[in-house]
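Comments concern the structure below.
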Amino acid sequence: MNLSSHLQELRKKHKALSDEVERAQQTPAADTIQVAELKKQKLKLKEQIERLSQA
């Protein structure tokens, strides 16, 4: 897998997590721990994307 396709996959995962966080937050009985964990995963992906984009 080349860098470009790897970045594309990471961006897809980031978008999917973003959508999942948004759905979870719209649920009245949203599990705040689960939402926080999703946000952490999303942030890690974002940081990885930024690191690889600068390489």
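The values are calculated or read from the model by the stated rules, or taken from the named source; none is laboratory data. On a predicted model such as this, the values are computed, not experimentally measured, just so you know. Cβ: placed from backbone, ideal geometry, glycine included. Neighbour counts: every protein chain shown. Ligands, DNA and RNA are stripped out before the accessible areas are found, and what is left, the full protein with its side chains, is counted by its heavy atoms. Shrake-Rupley method; radii C 1.70, N 1.55, O 1.52, S 1.80 Å.
Structure values in brief
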| item | result |
| --- | --- |
| Near pairs, Cβ below 7 angstrom, 6+ apart or cross-chain, from segment 28-55 (without any contact (Cβ under 8 Å) to a residue 24 or more places away in the chain) to any residue that is of a type in the set (D, E, K, R) and surrounded by 12 or more Cβ atoms within 10 Å (Cβ to Cβ) | L38/E20 |
| Breaking point among (1) in contact with a helix residue (DSSP H, G or I) (Cβ under 8 Å, 6 or more places away or on another chain); (2) open to solvent by 80 Å² or more (accessible area, probe 1.4 Å); (3) part of a loop (DSSP other than H, G, I, E, B), for K46 | (3) |
| Hits in segment 1-23 - residues which are part of a loop (DSSP other than H, G, I, E, B) and within 12 Å of the chain's Cα centre (by Cα) | none |
| Residue in segment 23-38 that is surrounded by 13 or more Cβ atoms within 10 Å (Cβ to Cβ) and closer than 23 Å to A55 by Cβ present | no |
| Tally of residues being open to solvent by 80 Å² or more (accessible area, probe 1.4 Å) and of a type outside the set (K, R) across segment 5-17 | 1 |
